[in-house]
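Participant: The structure is given below, and queries will be raised subsequently.
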Amino acid sequence: MVRNEKISARQFGILVALYSIGTTILIVPAVLAEEAKQDAWIAALLGVGIGIVLVGLFIAVGSLIPSMSLVELMEELLGKWLGKAVSLTFIFFALVTASELLYFVGNFITTQIMPETPMQSINIIFACVVVMGVRLGIETLARSAELLFPLFVFLFLVFVIFVSPQVKVENIQPVLEADFKNLLRAAIYFISVFSLPTVVLLMVYPASVNRPNEAKKNFFSGVIIAGVTLIIMIALSILVLGVTTTQLQIYPSYSLAKKINVGNFLQRIEIVMAGMWFISIFFKLSLYFYASVTGLAQTLNVKDYRFLTLPLGVVMVALSMLVHPNTLHSFEYNRETWLSYVSTYGLFLPLLLLGVYAFRRKGRQDMATSSNETKSE
Amino acid sequence: MAVIGILAIAGIIAMAEVPRLRRKGHKKELWVFMLLLLLGTGISIAESLSVKVPNPIDGIAYLYKPINDFIQGILK
């Protein structure tokens, strides 16, 4: 059942773009402004550059055995038991991160938009939509991404056009003042949120994409679109709000949307603009959840993953209320632990898989040549 | 009150899925399903009664602390 689902290369590119924008658009400008001050956009540029290299790595891992998803690949390359064990930690990673994203949604809405609504109710409603989407399958998710992407682009363009009259160029000057180490720290934080989590998409690519070769190109272009969007957003935050205000906000791009004022008439449309990040966060969350659900189904060798969605959805909501007792906790986790946690799966695991694959192939070749030699003797 | 609500939701979920799984005779699926549902409801009920539940993220932070300190040391 899972095997029959195929999405087109174009849909995959859109999913990549929305996934990479995800929560990055909301939380990243503050930290980048804190680390690199007015040069935050340069750090983002650097981060996008490294991100493109990482996409090359992910594609290399995906191309090892194109008919297999990441979890199946692990089982194939690392052996049955070790593969299953690593898969389970990967599923745990995806599920915990999904519930962390759900926490972000709840926290964003309760602190910025609806302060009197309990967070549980928002999380439950949002989780219902995500569970519904994942239950309907990746094809449905991809098609809805295709439908919502133009809306996203439209909102983003409106956002940029309406905010740009308030740009103050002095805010970004002097350029290149940050020293290299700060710039590097900011860039590393950026890739830890922006491109390392993309490894989760290896559950979709290439096994569920109908033309994997075309999808390679779209993988790159999706990341580049997302990168440009984020660089513009970060640059605008600093240009309009200034470094100090940007770094003091939890959600700088939302405060940026509050600044929109066209002829003292079109004001306070930030909630319309928030539609933009609801779209991107929805897809990021759905893909994390999809990865954990299908991953678990593949680890347990069951054909249909659908029956897992509801109970795992309950677990996800329960975890989302548990993972961060307060904003400070989430801040600390994202600044400190997240980098090494996500690198385990986003950097170390792909390299390990590539290494094991090369080693085993070499071993097989050696065996083949030695058996040939014995034959010729 | 919250506990009753959680149990009701768990009941609805079980009613929606269990008959289908049982009809198909998927034993393993049924076990996994029940286990996960039990886990989810368990954590939810514990939270609603404000029982302290260990936070998985704190566990991760503890496990990764040495690597973390090392990386932060390089970057500082």
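The values are calculated or read from the model by the stated rules, or taken from the named source; none is laboratory data. Just so it is clear, the model here is predicted, and its values are computed rather than measured. FYI the Cβ positions are ideal-geometry reconstructions off the backbone, even for glycines, and counts take in every protein chain you see.
Participant: Which numbered condition in (1) touching a residue at least 12 places away in the same chain (Cβ under 8 Å); (2) among the charged types (D, E, K, R); (3) more than 7 Å from every other protein chain (Cβ to nearest Cβ) is the only one that B:ASP58 fails?
Facilitator: For B:ASP58, the exception is condition (1).
Participant: Name the single residue that is surrounded by the most Cβ atoms within 10 Å (Cβ to Cβ) among those in segment A:307-345 being small (Gly, Ala, Ser) and under 27 Å from B:ILE43 (Cβ atoms).
Facilitator: The residue in question is A:SER320.
Participant: I need every pair where a residue in segment B:1-27 that is under 13 Å from A:PHE307 (Cβ atoms) has its Cβ under 7 Å from the Cβ of a residue that is surrounded by 12 or more Cβ atoms within 10 Å (Cβ to Cβ) and of a type in the set (Phe, Trp, Tyr), sequence separation at least 6 or different chains.
Facilitator: B:GLU17/A:PHE307; B:GLU17/B:PHE33; B:LEU21/A:PHE307; B:LEU21/B:PHE33
Participant: With the checklist (1) surrounded by 16 or more Cβ atoms within 10 Å (Cβ to Cβ); (2) among the aromatic types (Phe, Trp, Tyr); (3) over 21 Å from the mean Cα position of the chain (by Cα) in hand, flag the one item A:PHE149 doesn't pass.
Facilitator: So the condition that A:PHE149 fails would be (3).
So that you can scan it fast, the table gives a plain yes or no per residue for (1) within 20 Å of A:VAL96 (Cβ to Cβ); (2) at pLDDT 90 or above:
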residue	(1), (2)
B:ILE13	no, yes
B:ALA16	no, no
B:LYS27	no, no
B:LEU36	yes, yes
B:LEU39	yes, yes
B:ILE43	yes, yes
B:LYS52	yes, no
B:GLN72	no, no
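Participant: From the list A:LEU176, A:LEU184, pick out the single residue that is farther than 16 Å from A:SER237 by Cβ, over 18 Å from the mean Cα position of the chain (by Cα) and within 14 Å of chain B (Cβ to nearest Cβ).
Facilitator: A:LEU184 is the lone residue from the list that is farther than 16 Å from A:SER237 by Cβ, over 18 Å from the mean Cα position of the chain (by Cα) and within 14 Å of chain B (Cβ to nearest Cβ).
Participant: Taking the stated definitions as given, is A:LYS84 at positive phi and part of a helix (DSSP H, G or I)?
Facilitator: no
Participant: Collect the residues in segment B:17-27 that are more than 7 Å from every other protein chain (Cβ to nearest Cβ) and in a helix (DSSP H, G or I), keeping them in residue-number order.
Facilitator: Matches in segment B:17-27: B:VAL18, B:PRO19, B:ARG20, B:ARG22, B:ARG23, B:LYS24, B:LYS27.
Participant: Output the residue which, of all residues in segment B:32-55 that are in contact (Cβ under 8 Å) with a residue 12 or more places away in the chain and of a type in the set (Val, Ile, Thr), is nearest to the other protein chains (Cβ to nearest Cβ).
Facilitator: B:THR41
Participant: What helices (runs of 4 or more DSSP H), lying completely within segment A:269-377, carry at least 3 residues that are more than 29 Å from B:LEU7 (Cβ to Cβ), within 13 Å of chain B (Cβ to nearest Cβ) and of a type outside the set (A, V, I, L, M)?
Facilitator: The qualifying helices (runs of 4 or more DSSP H) are A:327-332, A:338-343.
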